[in-house]
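Okay, structure first, notes after.
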Amino acid sequence: MTLQRRLADIVGAAHVLTAPGDTKPYFTDWRKQYSAPAECVVRPASTEEVARVVALCARESVAVVPQGGNTGLVGGSVPTGARREIVLALGRMNRIRALDALNDTLTVEAGCVLAAVQRVADEAGRLFPLSLAAEGSCQIGGNLSTNAGGVNVLRYGNARELVLGLEVVLPDGQVWDGLRGLRKDNTGYDLKQLFLGAEGTLGVITAAVLRLYPKPAAAATAWIALDSAREAVKLLAALRERLGERISAFELVSRTCLEAVLSHVPGTRDPLGAPHPWYVLAQFADTEDLQTRVEQALTGREAVIAQSVEQARSLWRIRESIPEAQFANVKHDISMPISRIPDFIGIAGDALAAAYPAVRVFCFGHVGDGNLHYNVGPEPLLEKRDAVNRIVYDTVQRLGGSISAEHGLGQLKREAIRSHKQPLELELMRRLKAALDPKGLMNPGKVL
């Protein structure tokens, strides 16, 4: 009996996809940089089916590529084509298993779309704060496997901080049930942390207990003009002194990014009219009215403070449109101490301009947590990607940063990380991989 037939016996023939027209979306990444075939796409509907599929693949030495919404930016959720592989697409596993409002927890399956999780929390009078540009299509399993960040990390932390428990199918098909809604559990190693951010290389996340928060009763949104990135860092410190933890997002946007959006998205308007080198989009949230306090904190600055929900949405649409507005360039997702962000922008920008006089940098990101999306154009520089990466990554390392902040390593940075991580760290990662996945069948060719 063929592998496809045996897989069909587990999930149903309709959910084993082999026709090119059906499999193509699963075999190609969102940015269309990576595309490779696999034997088939398998769409399980339950943890039991995932376990049976993984166990079968382990017996047959067939690799498994877990896939959520396939919105990743580093080629981590698609096949490499280097060996026998299947894509395990978890989109059918989209049930809300439990809501415990008194414990502020929500238990969901891996295939739940992030926006749907946010909506369920909101309907219960709670907030699930993970928020990304792709939240309408990305799935929780992928968010957790990549330790997604997004715009609210400043106040609520990365995806890792929003998880209390996990259910994981291990590489041999065993199921680890760690779905506990405990904030304190001092009974040994925190096993869930092994799988959060592992990009599916250690097991398949099938469900999670997510941490919820009180829903803010008041919010304020401001678009603020700045002369430099250094001024943005100083402004963040000043606002923290005056407003404390009420700052939930603090997004840095360069003028080049705004111009790209104005050209790319019809109907978009410059919030301030006159051009400025840099901007910050800041979001504030509290249980009491914030408008007056934010206005007072921004006294003397050129800024627009949204006067309605629709005005706030229009400001956020600018930020959310940036990735697609400058699609074809050399992209970087880096992080560093917040205090070094201005140094990085200056040093990397000067080095790139010296090497490529026509360079245009699109810099934006979550300056509140030290994460920048530093994209380098114009498009012809894609052919010089390795040289551009060396300039950017060497600057990152010099300033004590990381070459991957929230997108993961995937295929894109698998080789580069070897030059930017301590050999002992890489060796410890390999030992963990060998201990949990001795056959190397879980998402091969990614991370390590």
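The values are calculated or read from the model by the stated rules, or taken from the named source; none is laboratory data. None of the values given here were measured: they were computed from a predicted structure. Using ideal geometry, Cβ is built from the backbone for each residue, glycine included, and neighbour counts are taken over all protein chains shown.
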Name the single residue that is nearest to residue 328 (Cα to Cα) among those in segment 387-434 being at pLDDT 95 or above and acidic (Asp, Glu).
394
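Among the candidates 272, 235, 258, which residue alone is touching a residue at least 24 places away in the same chain (Cβ under 8 Å), under 22 Å from the mean Cα position of the chain (by Cα) and in the same structural domain as residue 299 (by TED's automatic domain parsing)? If you could, list the steps in order and put the result at the bottom.
Values: 272 fails: under 22 Å from the mean Cα position of the chain (by Cα); 235 fails: under 22 Å from the mean Cα position of the chain (by Cα).
Sole residue among the options that is touching a residue at least 24 places away in the same chain (Cβ under 8 Å), under 22 Å from the mean Cα position of the chain (by Cα) and in the same structural domain as residue 299 (by TED's automatic domain parsing): 258.
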What's the number of the condition residue 232 fails, among (1) over 23 Å from residue 337 (Cα atoms); (2) among the small types (Gly, Ala, Ser); (3) outside any loop (DSSP other than H, G, I, E, B)?
(1)
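Does residue 201 satisfy being touching a residue at least 12 places away in the same chain (Cβ under 8 Å) and in a strand (DSSP E or B)?
Working: touching a residue at least 12 places away in the same chain (Cβ under 8 Å): yes; in a strand (DSSP E or B): no.
The answer is no for residue 201.
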Strands (runs of 3 or more DSSP E) wholly in segment 292-411 with at least 2 residues that are among the β-branched types (Val, Ile, Thr) and surrounded by fewer than 22 Cβ atoms within 10 Å (Cβ to Cβ) - which ones?
303-305
Taking residue 193 as meeting all but one of (1) within 23 Å of the chain's Cα centre (by Cα); (2) surrounded by fewer than 23 Cβ atoms within 10 Å (Cβ to Cβ); (3) on the phi > 0 side of the Ramachandran plot, write down the number of the exception.
(3)
Go through (1) over 18 Å from residue 363 (Cα atoms); (2) out of contact with any Phe, Trp or Tyr (no Cβ under 9 Å at 6 or more places or on another chain) for residue 230 and report which single condition fails.
(1)
Could you tell me whether residue 428 is part of a loop (DSSP other than H, G, I, E, B), hydrophobic (A, V, I, L, M, F, W, C) and closer than 23 Å to residue 170 by Cβ?
no
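Out of all the residues in segment 180-198, is one or more assigned to a loop (DSSP other than H, G, I, E, B) and acidic (Asp, Glu)? Steps first, please.
Going through segment 180-198, the residues assigned to a loop (DSSP other than H, G, I, E, B) turn out to be 180-191, 196-198.
Within this subset, residues satisfying the condition of being acidic (Asp, Glu) are 185, 190.
Taking every residue of segment 180-198 in turn, at least one turns out to be assigned to a loop (DSSP other than H, G, I, E, B) and acidic (Asp, Glu).
Would you tally the residues in segment 76-108 being of a type in the set (Gly, Ala, Ser) and in contact with a Lys or Arg (Cβ under 8 Å, 6 or more places away or on another chain)?
First, the residues of segment 76-108 that are of a type in the set (Gly, Ala, Ser): 76-77, 81-82, 89, 91, 98, 101.
Of the ones still in play, those that are also in contact with a Lys or Arg (Cβ under 8 Å, 6 or more places away or on another chain) are 76, 89, 91, 101.
The total comes to 4.
Could you tell me whether any residue of segment 241-252 is buried (at least 23 other Cβ atoms within 10 Å of the Cβ), out of contact with any Phe, Trp or Tyr (no Cβ under 8 Å at 6 or more places or on another chain) and either in a strand (DSSP E or B) or not polar (S, T, N, Q) (or both)?
If we filter segment 241-252 for residues that are buried (at least 23 other Cβ atoms within 10 Å of the Cβ), which is where we start, we get 246, 249-252.
Still in the running and out of contact with any Phe, Trp or Tyr (no Cβ under 8 Å at 6 or more places or on another chain): 249-250.
Checking the rest, the ones that are also either in a strand (DSSP E or B) or not polar (S, T, N, Q) (or both) come to 249-250.
For segment 241-252, residues buried (at least 23 other Cβ atoms within 10 Å of the Cβ), out of contact with any Phe, Trp or Tyr (no Cβ under 8 Å at 6 or more places or on another chain) and either in a strand (DSSP E or B) or not polar (S, T, N, Q) (or both): present.
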Inside segment 153-179, can you point out the residues that are closer than 17 Å to residue 333 by Cβ and either assigned to a loop (DSSP other than H, G, I, E, B) or modelled with pLDDT of 95 or more (or both)?
158, 159, 160
When you go through 67, 118 one by one, which is the residue that is closer than 19 Å to residue 15 by Cα and of a type in the set (S, T, N, Q)?
67
Matching residues, segment 1-52, being without any contact (Cβ under 8 Å) to a residue 40 or more places away in the chain and under 30 Å from residue 323 (Cβ atoms)
17, 20, 21, 22, 24, 32
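One line per residue, one yes/no per condition, for (1) in the same structural domain as residue 176 (by TED's automatic domain parsing); (2) β-branched (Val, Ile, Thr):
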residue: 70; (1), (2): no, no
residue: 78; (1), (2): no, yes
residue: 84; (1), (2): no, no
residue: 104; (1), (2): yes, no
residue: 147; (1), (2): yes, no
Could you say whether any residue in segment 224-232 is surrounded by fewer than 17 Cβ atoms within 10 Å (Cβ to Cβ), in contact (Cβ under 8 Å) with a residue 60 or more places away in the chain, at negative phi and among the polar types (S, T, N, Q)?
yes
Looking at segment 103-146 only, could you name the residues that are closer than 18 Å to residue 285 by Cβ and part of a loop (DSSP other than H, G, I, E, B)?
104, 124, 125, 128, 129, 130, 131, 132, 135
Evaluate segment 434-448: report whether one residue or more is within 22 Å of the chain's Cα centre (by Cα) and part of a helix (DSSP H, G or I).
no
